[in-house]
1. Considering only the stretch B:86-102, how many residues are at the interface with another protein chain (Cβ under 10 Å from one of its Cβ atoms) and touching a residue at least 24 places away in the same chain (Cβ under 8 Å)?
2. Please state which one of B:L111, B:L142, B:L123 is among the hydrophobic types (A, V, I, L, M, F, W, C) and more than 11 Å from B:V166 (Cα to Cα).
3. For a quick check of your reading of the model, give me the residue pairs whose first member lies in the stretch B:48-68 and is on the phi > 0 side of the Ramachandran plot and more than 16 Å from ligand 2 (Cβ to nearest atom), whose second is part of a strand (DSSP E or B) and open to solvent by less than 60 Å² (accessible area, probe 1.4 Å), with beta-carbon atoms closer than 9 Å and at least 6 apart or on different chains.
4. Six or more apart or on different chains, Cβ under 8 Å: which pairs go from a residue in the stretch A:191-217 that's away from every other protein chain (no Cβ under 11 Å) to one that's among the acidic types (D, E)? Could you list them?
5. How many of the residues in the stretch B:188-223 are within 16 Å of ligand 1 (Cβ to nearest atom) and in contact with a Ser or Thr (Cβ under 7 Å, 6 or more places away or on another chain)?
6. Could you list, in sequence order, the residues of the stretch B:175-187 that are within 16 Å of ligand 1 (Cβ to nearest atom) and either within 13 Å of another protein chain (Cβ to nearest Cβ) or open to solvent by 10 Å² or more (accessible area, probe 1.4 Å) (or both)?
7. Scan the stretch A:39-67 residue by residue and report those that are among the small types (G, A, S) and not in a loop (DSSP other than H, G, I, E, B).
8. Considering the stretch B:25-44 alone, what residues qualify as being more than 22 Å from B:M211 (Cβ to Cβ) and either more than 10 Å from ligand 1 (Cβ to nearest atom) or within 14 Å of chain A (Cβ to nearest Cβ) (or both)?
Amino acid sequence: MTAIPDTARRNAGAGGFRLSQLARARGLAHAGLGIALLMGLWWLGGRAVANNPNMFAFADFAPGPTLSALWGIVQSGAVIDMSVPSLYRVGYGMLIAAALGIPVGIAIGRLPWLRELTNVPFQFLRMISPLSWMPIAVMAYDTWDGAIVFLISVAAVWPILFSTAAGVRRIDPAWLKVARNLGANPLHMLFVVILPAIAVDILTGVRLALGVAWVVLVPAEYLGVTSGLGYAINDARDTLDYAQLGAVVVVIGIIGFALDSGLAALIKRFNWVRASA
Amino acid sequence: MFARFANTTAFPQPAAQDGAARGRATGAHLAVMGLSHAYKKIDGLVLDSLDFEVQPGEVLALLGRSGCGKSTLLHMLSGLSLPSAGEVVINGNTVRGPSQAWVMMFQAPSLYPWMSVAQNAALGLRFARRSSEIATRVPEVLELVDLSPYADRNVQDLSGGQQQRVALARSLATAPEMLLLDEPFSALDAFTRRSLQRDVRAIARRLGLTMVLVTHDVSEAVRMADRVLVLDANPGRIAEDTAIALTEEQREGGCERFNAEHIRLMEIYTEVAHGDPSDQTDD
Ligand SMILES: Nc1ncnc2c1ncn2[C@@H]1O[C@H](COP(=O)(O)OP(=O)(O)OP(=O)(O)O)[C@@H](O)[C@H]1O
Ligand SMILES: [Mg+2]
């Protein structure tokens with residue numbers, strides 16, 4: 001029982017606190033600067049387009065018209081109407097990808113023969129752009145929605161599967177031996193040892209998968225559906241409403257950023273690895 | 001407090017009531033009969049027809065050079081693996097797999113780093129569907145290993161010695177009748193090792209536990225064991241079976257009796273190890 005003098009600990013704590021506050025303030029300042037830079041570039045781009053006789057028709061893509069269109073769809077509630085179907089499709093697709101990727105990933109991580117068996121086929125399939133399956137998906141599914149969910153699942157399953165498998169392979173074999181020794185049955189093994197041990201790996205896979213799924217979503221929604229963010233983009237293009245198009249692009253970026261931040265927070269919450277202080 | 005340990009042991013045992021009445025649990029009786037083992041991938045026997053018996057409450061040390069098969073033997077005693085030939089019999093029943101009635105402790109504490117001290121200690125009870133006992137038993141075992149103030153700490157924020165104490169608490173929580181220790185203190189510094197050697201022996205004696213301790217440290221065997229089996233290597237055989245007749249005070253060391261026992265055992269060990277005491281750790 002090492003006794004650290006109380007004063008020493010308090011000082012260390014206070015110093016750490018001040019430092020972390022400083023770091024956070026700096027981080028916020030840099031984030032703000034980054035946003036300002038992006039806005040500046042956007043504005044410059046808008047100016048350039050407006051001054052170019054070949055392109056001035058697209059000038060509504062500039063920050064001013066876009067942001068007022070954005071305000072318009074926020075006020076009318078259209079932003080909710082176009083986001084909910086997209087979120088539903090991505091959520092559904094991610095759910096299927098997780099339901100497949102996590103168990104298969106665990107099995108591959110635990111069974112060397114299965115890893116050897118599946119390695120080449122899986123690496124091969126993984127490298128195929130999910131959008132290549134579009135014609136097949138359209139034929140195979142009765143509804144456009146089904147085809148889109150399929151494409152998202154295909155895109156999202158690989159990061160989850162590989163990340164889970166890698167996590168399982170890093171599990172300390174002694175944890176399994178100790179659990180067995182303490183009388184764990186296979187269900188205990190899974191829920192008390194394996195899943196908590198790899199929670200962060202799974203979530204990291206989900207985070208990567210979500211990034212891919214969100215990117216695949218928009219072109220997938222160019223397919224027959226009449227709802228969702230991809231459809232809204234297509235629709236704005238067809239009606240030559242470039243301010244609206246810009247607004248949807250901003251919405252896509254904001255939602256994607258929010259989802260990613262949520263997962264990053266979850267990863268932080270479940271991460272049991274101590275940062276070497 | 002210890003009577004409660006005795007009453008809830010999962011294993012049927014005729015002597016338990018007796019022990020409980022005296023306020024002490026009763027340790028398991030262990031018999032090893034004609035045990036031999038060969039690993040599939042390697043030629044020849046690792047262990048060759050071992051026969052020995054350990055009485056309830058006895059502390060037995062298995063002393064032998066690296067590679068002589070001590071860990072292999074301990075795994076067979078625990079039921080984590082099964083011998084090629086022969087039997088391990090505990091309380092009259094042949095061992096066919098792990099059981100809550102005996103627990104193995106390893107060189108590394110192997111705690112679950114996403115859990116607190118108390119959660120780690122509660123695991124055996126959880127696995128045995130005895131969660132209702134966690135609230136009373138976990139504080140008891142943490143008290144026993146001197147870690148009560150640390151119950152809610154994450155185990156990563158403990159020293160190596162404290163972590164090994166948590167592993168001990170985890171092993172004791174289900175009130176086993178026998179502890180199997182595979183060089184559990186070898187990664188610790190000399191002072192921490194000493195205090196754990198003393199505490200583990202004291203706890204085992206208070207609870208009446210049978211204990212089998214694997215070591216290649218002669219002084220550890222002298223400090224902790226009632227009896228020492230010195231193992232020969234290639235194949236593993238019992239070369240010497242000798243009692244350590246010391247009182248608890250004498251085991252603290254620094255007295256003539258301790259030194260005499262230490263020298264005697266060292267001589268036996270050196271002889272068995274073919275005059276090569278190089279892998280000997282001593283203090
Ligand atoms: N899984 C295994 N497969 C094949 N051979 C093994 C296996 N485990 C151990 N052995 C061999 O069996 C012999 C005994 O090993 P064991 O681990 O029991 O020795 P030990 O006495 O515990 O040694 P140490 O003091 O170094 O821990 C060694 O020769 C080792 O190489
Ligand atoms: Mg060993």
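The values are calculated or read from the model by the stated rules, or taken from the named source; none is laboratory data. Note that the coordinates shown come from a computational prediction; the quantities given were computed from them, not determined experimentally. So basically every Cβ, Gly included, is an ideal-geometry build from the backbone, and we count neighbours across all protein chains shown. Areas reflect the complete protein model, heavy atoms only, side chains present, ligands, DNA and RNA absent. Shrake-Rupley method; radii C 1.70, N 1.55, O 1.52, S 1.80 Å.
1. Going residue by residue through the stretch B:86-102, those that are at the interface with another protein chain (Cβ under 10 Å from one of its Cβ atoms) are B:97-102.
Then keep just the ones that are touching a residue at least 24 places away in the same chain (Cβ under 8 Å); that gives B:99-102.
Result for the stretch B:86-102: 4.
2. Numbers: B:L111 fails: more than 11 Å from B:V166 (Cα to Cα); B:L142 fails: more than 11 Å from B:V166 (Cα to Cα).
From the options B:L111, B:L142, B:L123, the qualifying one is B:L123.
3. B:S49/B:G34; B:S49/B:L35; B:S49/B:S36; B:S49/B:A85; B:S49/B:G86; B:G57/B:T210; B:G57/B:M211
4. Hits for this filter: A:R207/A:D260; A:L210/A:D260; A:G211/A:D260.
5. Of the residues in that region, 4 qualify.
6. From the stretch B:175-187, those within 16 Å of ligand 1 (Cβ to nearest atom) are B:180-187; that's our starting set.
Selection gives B:L180, B:L181, B:D182, B:E183, B:P184, B:S186, B:A187.
7. Of all residues in the stretch A:39-67, those among the small types (G, A, S) come to A:40, A:45-46, A:48, A:50, A:57, A:59, A:62, A:64.
Correct list: A:G40, A:G45, A:G46, A:A48, A:A50, A:A57, A:A59, A:G64.
8. Matches in the stretch B:25-44: B:G34, B:S36, B:D43.
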